[in-house]
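The values are calculated or read from the model by the stated rules, or taken from the named source; none is laboratory data. These numbers were taken from a predicted model, which means no experiment stands behind them. A quick note on method: Cβ atoms are made from the backbone with ideal geometry, for glycine too, and the neighbour counts reach across all protein chains shown.
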Amino acid sequence: MILFWLLAPLMVLAAIGMVVVRKAVHSALLLAFVMVSLAALYAGLDAPFLFAVQIIVYTGAILMLFLFVLMLVGVDASDSVVETIKGQRLMAVVLGLLFGGLLSIGVAQAVSATVVGLDEANGEGNVPALAQLLFGRYVFAFELTSALLITAALGAMVLAHTERVAPKATQRDLAQARMRDYAEHGAHLGPLPTPGVYARHNAVDTPALLPDGSTAEASVSRSLRARGNVRRAHAGDVDKTAAALDPEAPAADLSERGSGR
Amino acid sequence: MTPLISPWLPAEAGGGVPVLPVEAAGTFWWLWLIIALPALGATLLLLGGRLTNPWGHLLGTAMSAGSFGVALVMFVALLGRSEEERQVRQQLWTWLDVGDYTVDMSLLFDPLSAVFVLLITGVGTLIHIYSIGYMAHDERRGRFFAYLNLFVVAMLVLVLADDYLAVFLGWEGVGLASYLLIGFWAHKQSAAVAAKKAFVVNRVGDVGMSLAVMTMVATFSTSSFVGVSAGMPEASSGTSTALGLLLLLAACGKSAQVPLQSWLLDAMEGPTPVSALIHAATMVTAGVYLIVRSNYVYAETPVAQVAVMAVGLVTLLFGAVIGCAKDDIKKALAGSTMSQIGYMTLAAGIGPAGYAFAIFHLLTHGFFKANMFLGAGSVMHAMDDDVDMRHYGALSRAMPITFLTFAAGYLAIIGFPGFAGFWSKDKIIEAAFAEGWVFGVGALLGAGVTAFYMTRVMLMTFISKKRWRSGVHPHESPSVMTVPLVVLGALSAVGGVLLLGGWITGWLEPVTGPEGEHELFVSPFILTSLVTLVVLAGVVVAWLVFGRGELAGTAPQRVSWVTRAARNDLYGDAFNEAVFMRPGQHLVRGLVYLDDTIIDGVVNGVAALVGGSSGQVRRAQTGFVRSYALTMLGGALVAVLATLAVTLA
Amino acid sequence: MNPGAYITLSALLFSIGAVGVLVRRNAIVVFMSVELMLNACNLALVTFAKQTGDLSGQVAAFFVMVVAAAEVVVGLAIIMSIFRTRRSASVDDASLLKY
């Protein structure tokens, strides 16, 4: 019971945190905490087998899957915490509170305090006892889960698979396309600018500056741009630096231009 | 002095003659052939379409003539039987079998239907022959003969059926055939309208007929003549009266009696042989047949009898007055038909004393009216289809055969002593006087007016000075047309022989019952002389008005209101229009308005309500999964609340 | 051991998961919230097993885990394919099926 009272508040906090934090990765980590704590509670509830399964399947496999997908999908604007549907958040919270409160009251009313305990049922050990049930009374359900798992695996493969509708572009095709872009739209022919050129930071999150002093957006990784982790490097800063290096230039003008941005 | 209207004292209710037929055997096995022959002709001609045009008229005429031949054989066979066995019934098949109500398709050949069959097929055949000439140049001649045959078939079914429902079949068939024939030249607007009018007005009568059949089924569980005649004496007086009046309504429709007379004059739009067929042999006689056939019904209900007589009396004067004012030769004759059928109805209303004379007059009328209509057709043929008598005159020289035969018909209809109409009409007037002097005087007056307008027709058409339009060269019709005229003319002259020795009354006795004695306040001879005097007075007046001096080529407009009313069919159409059509139209408009505003309003309102609210409700369908999930959570919350409420309660 | 406390914790976690489904737009986080709800149910099942002395509750929890694993596999694959075509993992963007 001490374990429970230690973990329960933390789990609730972690769960709330999972819902409110902005970044999906943080949510995943908080969920991992809840799940591991649950595993610990299972251990306390005389369910050593589920304790192991919880850790291995949920925390080990399922959460890893979540993280993989997060990595694949990347981050985008759906991380924004601004609510777009009017009244949705308020109603959700109100209904959630009501629901949780009623459920707690109702269940607390319904559950009797007497506890039979699993000592007798777990007499030969928890795992053999569960095995007796799984391969005895619940054998058909168990066999059905195999069909379910195969179906799920196949379904995931079908969904993840993409049919190639056009022949794969060769290097020659890519080069020709690039030349065509240049001819028709005047697109830059060379490689994309690297970040950090002419900047104070020689870092990937700082965009390169074009000769006129404006930033070259294309020089920063798309993921960083999506996350909003791009540092700004104003032309004024460059000018300021130049002015600092040039003893003949009037300092006042430069500072005005610099603060103008 | 006889009482004013004696049947008001129903001392002698009852005494109807039950129908007790014997099964057909021997010669009578061929009875069905009478109907089958023209039916075959009609079927072949209708199916053959244009292919039959070259020979269709011959087939149609042959079938009609064959039917007449069979009928003649049957008639002779019937003559050879004793009086008790003269009602022959041939069972063909069971038409309807519903619960305990059965309708047999069977034929009843008794003295009454025998007479009718002979008239229909005989005069019908003559009209067929005449039509060969009259319709020679019509491109749909085959179809015309198909319709003629159909008409004959329907009429034969009507008079040969032994069940009121089967009679109704023929009844409707006659209505259909008359519709087809009156509207035969449907390219003329007036013909199409007239056909529709005849059909619609007949429907009113048909309502009476169908209600009568329903009453019979409800009362007697049968509608056969045998069953109804056997059950009538036990029927309540209310049922009898209702049946009598409903049958009278039916008869009014078919026989063009007041108040359902309006279609007859317009029916002149059909080809003239059709008019002859409708007016002489078929159609209009159906009503009289129905009343005479239902004598066992009227025997139980003096009230309906008086109604029949009243209708007959009004119609005979009505038609006579209309006939006086018409310049259209066919319409003048149509008015006279109405009037003569009125005589028959009057006679049929008198009861057993009049039935035989009604049928007798029907026969003689069939001869002389067919004769005169065909004669009128011949005249029209000669005058380039001009029907206005004011454009005729002095045709006796141009077409002597037509003139002579027409004259025979004329003398017959006015009741010139010795001619057919004299015998029959005289007997009816006599019987009417015996029934009540109101009817007698009315019938007598009608005879005088008949003499007046028929003389007018005669004078304007054949005698007076030429008023021909330019380019008209009258000529005698071909012999295929004149031969039937001659035959009918002869019959018009000598048709009275049927009365010799009271043959016709004796012949019909198995059907209508014994004639009975009627007392007259004067001797029959004096009455006959009186009738003849009145007729002569009518002729003289007509001669004074139309026989001397010039006749205007167009109808004079400055005339008395009586003439104007008569020209307008005594405002029969105006009456119908004002009493039935206009209120009907207003009612329909009101109903349409009701339908458009209130009923449609409710329907549209409900639809608009549903549509509008749906338009609002669908806004909840935002497409956001999270909104839906919120709703689900709300639902789950309600479920938890309900569970808790149930558990804690 | 107090079963009521475990059940209350389970109810709270479930409600928090439900609210998470409703308020978050990132499909992956929504999915995580669903997993949280499933886990809350599992806790209740295991608690009931202990309370009644019947291992069936644990078997049920085991089956829930199996089904959850299958569900996650398919669900994440769907998210992936949607993301590939629409360049978005927001559940609000897939809102074309509406009035």
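Quick notes
- Which listed residue is among the hydrophobic types (A, V, I, L, M, F, W, C), outside the structural domain of A:S223 (by TED's automatic domain parsing), at negative phi and more than 19 Å from the chain's Cα centre (by Cα), from A:V69, A:V12, A:V21: A:V12
- Tally, over the range B:89-120, of residues that are buried (at least 17 other Cβ atoms within 10 Å of the Cβ) and farther than 29 Å from B:A370 by Cα: 6
- The number of residues in the range B:205-239 that are at pLDDT below 90, aliphatic (A, V, I, L, M) and farther than 18 Å from B:T102 by Cα comes to 2.
- Residues (part of a helix (DSSP H, G or I), within 17 Å of B:F624 (Cβ to Cβ) and of a type in the set (S, T, N, Q)) located in the range C:13-34: C:S33
- Counting only residues that are over 30 Å from A:V19 (Cα atoms), among the β-branched types (V, I, T) and at the interface with chain C (Cβ under 9 Å from one of its Cβ atoms), the range A:79-128 holds 3 of them.
- For the range A:15-31, residues that are small (G, A, S) and within 14 Å of C:M37 (Cα to Cα) total 1.
- Verdict on B:G15 being over 30 Å from B:I129 (Cα atoms), modelled with pLDDT under 85 and surrounded by 15 or more Cβ atoms within 10 Å (Cβ to Cβ): yes
- For B:M63, the conditions (1) modelled with pLDDT of 90 or more; (2) touching a Ser or Thr at 6+ places or on another chain (Cβ under 8 Å) are fulfilled apart from (2).
This table checks each residue for (1) at pLDDT 90 or above; (2) more than 60 Å from the chain's Cα centre (by Cα).
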| position | (1), (2) |
| --- | --- |
| B:R582 | no, no |
| B:G590 | yes, no |
| B:G601 | yes, no |
| B:G612 | yes, no |
| B:G623 | no, yes |
| B:L630 | yes, yes |
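- Residues being surrounded by fewer than 24 Cβ atoms within 10 Å (Cβ to Cβ) and touching a Cys at 6+ places or on another chain (Cβ under 6 Å) - total across the range B:250-266: 0
- All positions within the range A:124-170 that are basic (K, R) and either over 27 Å from A:Y42 (Cβ atoms) or exposed (fewer than 10 other Cβ atoms within 10 Å of the Cβ) (or both): A:R164, A:K168
- When the range B:529-553 is filtered for residues that are at pLDDT below 85, farther than 13 Å from B:C324 by Cβ and either of a type in the set (V, I, T) or in a helix (DSSP H, G or I) (or both), only B:G547 remains.
- Of the helices (runs of 4 or more DSSP H) contained entirely in the range A:1-70, those carrying at least 1 residues that are more than 8 Å from chain C (Cβ to nearest Cβ) and within 24 Å of A:G100 (Cα to Cα) fall at A:2-20, A:24-44.
- Residue identified as surrounded by fewer than 16 Cβ atoms within 10 Å (Cβ to Cβ), free of Cβ contacts under 8 Å to residues at least 40 places away in the same chain and of a type outside the set (S, T, N, Q) among B:G66, B:G80: B:G80
- Residue within the range C:83-91 that is within 12 Å of chain B (Cβ to nearest Cβ), surrounded by fewer than 24 Cβ atoms within 10 Å (Cβ to Cβ) and part of a loop (DSSP other than H, G, I, E, B) present: yes
- Scan of the range C:50-66 for residues that are in a helix (DSSP H, G or I) and facing another protein chain (nearest Cβ under 7 Å), ordered by number: C:K50, C:Q51, C:T52, C:S56, C:Q58, C:V59, C:A61, C:F62, C:F63, C:M65, C:V66
- Going through (1) more than 19 Å from A:L95 (Cα to Cα); (2) part of a helix (DSSP H, G or I) one by one, C:S10 falls short only on (1).
- Members of the range B:554-585 found to be among the charged types (D, E, K, R) and either part of a loop (DSSP other than H, G, I, E, B) or farther than 24 Å from B:R467 by Cβ (or both), listed by number: B:R558, B:D569, B:D573, B:E577, B:R582
- In the range B:297-344, of all residues being part of a helix (DSSP H, G or I) and of a type in the set (S, T, Y), the one that is farthest from the chain's Cα centre (by Cα) corresponds to B:Y298.
- Restricting the range A:186-204 to residues that are under 27 Å from A:L72 (Cβ atoms) and at pLDDT 75 or above, the residue that is surrounded by the fewest Cβ atoms within 10 Å (Cβ to Cβ): A:P191
- A Cβ distance below 9 Å, combined with a sequence gap of six or more or placement on separate chains, defines the contacts here; from the range C:3-26, residues that are closer than 12 Å to C:L38 by Cα reach residues that are assigned to a helix (DSSP H, G or I) and of a type in the set (D, E, K, R) in the pairs C:G17/C:E35.
- Within the range C:19-48, considering residues that are small (G, A, S) and at the interface with chain A (Cβ under 7 Å from one of its Cβ atoms), the one nearest to A:T114 (Cα to Cα): C:S33
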